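Participant: Handing you a structure now.
The values are calculated or read from the model by the stated rules, or taken from the named source; none is laboratory data. Note that the coordinates shown come from a computational prediction; the quantities given were computed from them, not determined experimentally. Every residue, glycine among them, receives a Cβ derived from its backbone with ideal geometry; neighbour counts consider all protein chains shown. Remember, those area values only see protein heavy atoms, side chains included, never the ligands or the DNA or RNA. Shrake-Rupley method; radii C 1.70, N 1.55, O 1.52, S 1.80 Å.
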Amino acid sequence: MRIAMIGTGYVGLVSGACFADFGHQVTCVDKDAGKIAALHRGEIPIFEPGLDALVVSNVKAKRLDFTTDLAAPVAEADAVFIAVGTPSRRGDGHADLTYVYSAAREIAAREIAAVLRGFTVVVTKSTVPVGTGDEVERLIREANPSADVVIASNPEFLREGAAIRDFKFPDRIVVGTSDERGRKVLGDVYRPLSLNQAPLMFTARRTAELIKYAANAFLATKITFINEIADLAEKVGADVQEVARGIGLDNRIGSKFLHAGPGFGGSCFPKDTRALVKIAQDHDVNLRIVEAVLGVNEIRKRAMARKVSNLAGGSLRGKTVAVLGLTFKPDTDDMREAPSIPLVTGLLDMGAKVRAHDPVGMEQARKELPDIEYCDDPYTCVKGADAMVVRRAGGAAGGRQDHAGAAGAARCALAERQEDHHAGAAADRGPCQRRADGQDAGRARRRDRRLPRPLWFKNIAGDADRSRHGRHLLAPDSRRSRTERRRRDPVRRVP
Ligand code: NAD
């Protein structure tokens, strides 16, 4: 099959490279000439594990090409995928994506219509409001009434950081078209996956468009639910991670997306939940649950800086906070709506000096957060800091190890600082070093008792955390003794 992929971003490039890997002939088109030039030089414009090798091997096999000019690839294509960005409107916080979506689809549709030749399926892979397919069809037919074309919807469910795996081993593939010829072409495009038992679900176009929004809104709701439970767990002295495990083992609930954290962000959930609310309003439907999810999530993201301040003794003025992990999740350089943005700006507003490190996202982060100091390695970042925020989520071994190691180093750095403040206290840096290396933790713990006011990890999601799992915040003096906790916490006093 010949495929033209319009839009060579996270979705377009990954999908294009995977389709080429299936054996299709793929041309990725982008209007960003710099991006296409970089791809021609063999440079991958985004960070996505495994993508560089996949692109290089398929370019070498002459199955994958890049261009800024869509005329030729579209004219020859059996299927033209639209994978352009559909961002949320900035500024007022209320999503009205209609104009952004319209602009994207109109440009694409008009350009496509002029060059279509033979039977072609035009497929919207971008996440678009329900009815966008109808509008794309209208625009194409208006520009080229004789075009032999079917417009289909094929929403993408890949996750950044695991995009290639998600694309090649999807839970399902949703294809929205009622046209038999369209179904046949897309069935052939996805044949390698359906042969591999991936469920290929054919639906009507509008249903496919809604499936994507409903899926993202449901996942965002699950995250927000456990975040609110984390707040309650903190107040009543329960461990939210155990609560999550306890409910997640129920097959009706499932364990995924039950990791309490600083609120959801990223390139999809925030804009898609806002768009869904907007779509519903346009149809006189109130999606009260999704509206509540959005409100709760905004408040949560803003509250994170206050949590740091409280843990650091109530004021951050003049203090240095080290932030490890900036992108919206590990293994991506994507900073779109990352929860680190409200966190860092909140810390700055409170008078803190912020230093940060991210294994892959610092170049993108600099554009969003220009007023902080960037450190090339996590150890330099945390050295001498008054508090440290470790942002990480499951599934990122590299990031996790980096940050866990740095957490150990930070603990030492902070302990050393405290020793300086408490002249005469025994200074023994050996155990700290071993702990940073993950060794001799028991001995380190014993010897740490000699340190004044030990430091501790605290889960930024709200739950006191005795392990190194979950998202952690390290702040000086934030550890309360068990006796003190029992005294303060009436629930714990009940036998
Ligand atoms: P992106 O911003 O990374 O990439 C979009 C690309 O489209 C850009 O390179 C841009 O230059 C290009 N473009 C825009 N208009 C164009 C045009 N007329 N012709 C050619 N190129 C054009 O966006 P993305 O993250 O890949 O997302 C694309 C769509 O997929 C969005 O609707 C998004 O919601 C959806 N989606 C994204 C993800 C994800 O994880 N990023 C997952 C599933 C679905």
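Participant: Short version: ³J(HN,Hα) in whole Hz for each residue of the stretch 167-178, in order, from phi by Karplus 6.51 cos²θ - 1.76 cosθ + 1.60 (θ = phi - 60°), x for Gly and Pro, what are they?
Facilitator: For the stretch 167-178, the Karplus curve yields 6, 7, 10, x, 5, 6, 10, 9, 10, x, 6, 9 Hz.
Participant: Under the Karplus relation 6.51 cos²θ - 1.76 cosθ + 1.60, θ = phi - 60°, what is the ordered set of whole-Hz ³J(HN,Hα) values for the stretch 149-162, x standing for Gly and Pro?
Facilitator: Values, residue by residue: 9, 10, 9, 10, 10, 9, x, 9, 10, 5, 10, 4, x, 9 Hz.
Participant: Check each of the trypsin sites (Lys or Arg not before Pro) in the stretch 222-321 and keep only those in coil by DSSP with at most 12 other C-beta atoms within 10 angstrom; list them in order.
Facilitator: Numbers: sites: Lys222, Lys235, Arg245, Arg252, Lys256, Lys271, Arg274, Lys278, Arg288, Arg300, Lys301, Arg302, Arg306, Lys307, Arg317, Lys319; in loops: Arg252, Lys256, Arg317, Lys319.
Counting only loop positions with at most 12 other Cβ atoms within 10 Å, the trypsin sites (Lys or Arg not before Pro) in the stretch 222-321 are Arg252, Lys256, Arg317.
Participant: For a quick protection proxy, order the peptides 32-44, 143-155 by their average other-Cβ count within 10 Å, most packed first. Each step should come with its number before you reach the end.
Facilitator: Working: 32-44: 13.6, 143-155: 19.3.
Descending packing order for the listed peptides: 143-155, 32-44.
Participant: Give, to the nearest whole percent, the P(r) tail of the stretch 322-390 beyond 19 angstrom, counting all Cα pairs. All intermediate terms of the calculation are to be shown ahead of the outcome.
Facilitator: Values: 500 of 2346 pairs.
The share of Cα pairs beyond 19 Å in the stretch 322-390 comes to 21 percent.
Participant: Limiting things to C-alpha atoms, what are the Rg and the maximum Cα-Cα separation (Dmax) for the stretch 185-270, in angstroms?
Facilitator: Using the Cα atoms of the stretch 185-270, the pair Rg, Dmax is 17.5, 56 Å.
Participant: How compact is the stretch 1-79 by the rule of thumb for globular proteins, expressed as Cα Rg over 2.2 N^0.38 Å? Could the numbers behind the result be given before it?
Facilitator: Working: Rg = 11.0 Å, N = 79, 2.2 N^0.38 = 11.6 Å.
My calculation over the Cα atoms of the stretch 1-79 gives 0.95.
Participant: Quick check: net charge around Gly34, other residues with Cβ under 13 Å of its Cβ, Lys/Arg +1 and Asp/Glu -1? Walk me through the intermediate numbers first.
Facilitator: Values: positive: Lys31, Lys35, Arg41; negative: Asp30, Asp32, Glu43.
Summing Lys and Arg as +1 and Asp and Glu as -1 gives 0.
Participant: Would you work out the relative contact order for the stretch 322-382, in percent, from Cα pairs under 8 angstrom that are 6 or more residues apart?
Facilitator: Values: 94 pairs, mean separation 23.8, N = 61.
Once divided by the residue count of the stretch 322-382, the mean separation gives 39 percent.
Participant: Oh, and also: Can you grab the distance from the C-alpha centre of the stretch 254-304 to the C-alpha centre of the stretch 14-37, Å, no decimals?
Facilitator: Using only Cα atoms to place each centre, the spacing works out to 31 Å.
Participant: Accessible area of Ser255, 1.4 Å probe, to the nearest 10 Å²?
Facilitator: Its heavy atoms expose roughly 70 Å² to the probe.
Participant: With the radius of gyration and the Kirkwood radius both derived from the Cα set of the stretch 209-356, what is their ratio Rg to Rh? The partial results should precede the final answer.
Facilitator: Working: Rg = 16.7 Å, Rh = 16.7 Å.
Expressed as Rg/Rh, it is 1.00.
Participant: Taking the Cα centre as origin and putting +1 on Lys and Arg beta-carbons and -1 on Asp and Glu beta-carbons, what dipole magnitude results for the stretch 190-291, to the nearest 20 debye? Intermediate values should be presented prior to the final figure.
Facilitator: Details: 13 positive and 11 negative charges, 107 e Å.
With Lys and Arg at +1 and Asp and Glu at -1, about 520 debye.
Participant: For Tyr10, what is the net charge nearby, where nearby means another residue's Cβ is under 9 Å from its Cβ and Lys, Arg count +1, Asp, Glu -1? Can you show the working numbers first?
Facilitator: Working: positive: none; negative: Glu48, Glu160, Asp334.
That sum, taken over residues with Cβ under 9 Å, equals -3.
Participant: Now for a different question. Per 5 Å bin, what percent of the C-alpha pairs of the stretch 121-217 does each bin hold, from zero upward?
Facilitator: The percentages, shortest bin first, are 3, 14, 23, 23, 19, 10, 5, 2, 0.
Participant: About the Cα centre of the stretch 247-323, what is the dipole size in debye to 20, counting +1 per Lys and Arg Cβ and -1 per Asp and Glu Cβ, all else neutral? Spell out each step's value before the answer.
Facilitator: Working: 13 positive and 6 negative charges, 102 e Å.
My answer is approximately 480 debye.
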